[in-house]
Amino acid sequence: MSDLSDFYRIGAQTSREDDLKKILAQEENMKKTARTNMLRQIDIEAKLQSNHSTSDETREASSVKMPKHVEISSKVPLPTYSKQRSMGSESTYSKQRSRESESIMSPGRTEAAMLKEQDEERQLLRRRRETLTDADLKSIPRMVHRNMPFGQSKNDIAVTRAVTSVSPRLSGLLRHDWYHVILGWPTALSLLGLLVIWTLVIIIFALIYRHVDKPLNNCGLGAKGETIGFSTAFAFSLETCTTVGYGLPNGTNGFFEPECGMLQFWIYLQMVSSMMFNGFLFAFMFARLARCESRAVQVLFSEKAIIEIQDGKWYMHVRVYDMDSQQPVVEAHIRMYCVSWRDYLDQTRNEVQPHLLHHMRILVPNDDLGSMMFTSIPANVTHHIDAYSPLAPLHLRKNVNVTYLGGVELREVDDMTGNRSDIPCPVCGETFGVVDHLERHINYMQVTEESDNLPITGTHRDPNIVKPKLTKLIELKETDIREHLLDKEIMCVVEAIEPMVSGTFQALQSYKLEDMVFGGRFAPCMSQKDGQIYVDVNKFHKIIPMSDRSVHYYNNGRGNSG
């Protein structure tokens, strides 16, 4: 490849003027051919009008149909409406063909003209998009609320069912998972419910003892010749349930008499049910106390997210730290999602599969390696806002030569490292990892095909195939990102295993546009002294403003004026 690149560079330098003359001559020939075809179509339409026109109305109808006929027969849009406007149409058509025939090697396409066209296209697409009013922005709900001190959240998702009552079919599903349903109740409510159930069981067995009491034989629990009262039966049921062993009421010996089998059966049944209930109560209390979601409050997220540009590329940074540094959590990893209500409404309106959450690929820590983190040390999480990122406006993402594989989330960095080649050449089908490689390929093939006297149509010199979009990189500006993030919410999820009880927990945080800072960097919050490492949590949220030099490079890179 290096030999071929050297050959192309040397050849281009020595014969540049001849190549440009040949290209201009080819473009002029194309213009002459198009002009000839246009004049031929004008003559045909004039003959048709003279043969079939009987009145002024007929001539007007024919002139209206003329552009459609011309477009079908010539297969190019010719803006010709009458013979008197042939010269003006010819000039317009020539300019149109001249613009379409400009390839990436065209010398007439200056950088200023390209920038002007890009700005006009961006403004046009902005006007086509729906604008959000302040009322619309205020009505957009937040998925994760910041309802804890230090700018943190309770790790709850603000999603509820649309109806308060549970339908019979849905309740049938919940009955299959009744334990986790009860476990999800508040602690006070669940303990009160279990106490009510335990008391009802005691009352039920007290009523059973009153029913089976037989005062006429030796199995009676009450006084001689009398049926046991309810209060006495309740006390006996409570004694049996707790296995206290105070003895039978009124000094009776019915439990040990051989003819008292029915009374012995109910006492046995109550003891068994009591032991099972006690086992469930212990398990329930342990599960309540050992729940690890409360461990998530020690995982801190930065109050603000930083969006900055480095070497022409935009990045989003979030800082994460686990305050319990001395007990590191196990298998900590992070995920990021973009919540977009405007895209969700557009998908619903366009009758396509709606997706509210859009997965965001993580650059650091690398999500190809599982986005693993060591949270005992404050660390930055970085997302690259590239052509595949949901943080980039969709009209800019679709305006570059990238491949979208049915919603599969990709990363531009994988192309750069050679892990994937998804930038195809529309002529030969060869794929490349970066746009620069495709541009060099097209340039080299154009010189080779021209030296071999190959036809223009269907080759790398065909302007209808090889267009500037093929080698165009996504161009993001701060205003583009700000406008796109008006309705967005970035949700971060840190998932880890608590080492003491081996329970999994998730820590949540979200960022909206008001929670983001453009430019700057997180302040250092770690230090060491006398052989000890310290983390200053008071500096965890602090963001250092950019220096004058950084501001200069930032303004030049972000593409904003002022």
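The values are calculated or read from the model by the stated rules, or taken from the named source; none is laboratory data. Being a predicted model, the structure only gives us computed values, none of them experimental. Ideal geometry is used to build each Cβ from the backbone, glycine not excepted, and the neighbour counts take in all protein chains shown.
Okay, here's what the table says:
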| read-out | value |
| --- | --- |
| Hits in the range 317-363 - residues which are loosely packed, with under 15 Cβ neighbours inside 10 Å, of a type in the set (Val, Ile, Thr) and touching a residue at least 12 places away in the same chain (Cβ under 8 Å) | Val330 |
| First in the range 290-304 and modelled with pLDDT of 85 or more, second anywhere and among the hydroxyl-bearing types (Ser, Thr, Tyr), Cβ under 6 Å, 6 or more apart | Leu300/Tyr321 |
| Criterion violated by Asp368 - all others in (1) buried (at least 19 other Cβ atoms within 10 Å of the Cβ); (2) assigned to a helix (DSSP H, G or I); (3) without any contact (Cβ under 8 Å) to a residue 60 or more places away in the chain satisfied | (1) |
| The one condition in (1) among the polar types (S, T, N, Q); (2) buried (at least 16 other Cβ atoms within 10 Å of the Cβ); (3) closer than 30 Å to Glu293 by Cβ that Asn443 fails to fulfil | (3) |
| Some residue of the range 387-402 being closer than 30 Å to Tyr534 by Cβ, crowded, with 20+ Cβ neighbours inside 10 Å and among the small types (Gly, Ala, Ser) | no |
| Single unsatisfied condition, Ile377 versus (1) of a type in the set (A, V, I, L, M, F, W, C); (2) assigned to a loop (DSSP other than H, G, I, E, B); (3) under 20 Å from the mean Cα position of the chain (by Cα) | (3) |
| Within the range 470-520, tally of residues that are modelled with pLDDT of 90 or more, among the aliphatic types (A, V, I, L, M) and farther than 20 Å from His359 by Cα | 2 |
| Unmet requirement for His359, which otherwise passes all of (1) more than 24 Å from Leu476 (Cα to Cα); (2) not in a loop (DSSP other than H, G, I, E, B) | (1) |
| In the range 256-287, the residues that are among the aromatic types (Phe, Trp, Tyr) and touching a residue at least 24 places away in the same chain (Cβ under 8 Å) | Trp266, Phe277, Phe284 |
| Residues being in contact with a Cys (Cβ under 9 Å, 6 or more places away or on another chain) and more than 18 Å from Lys542 (Cβ to Cβ) - total across the range 507-517 | 3 |
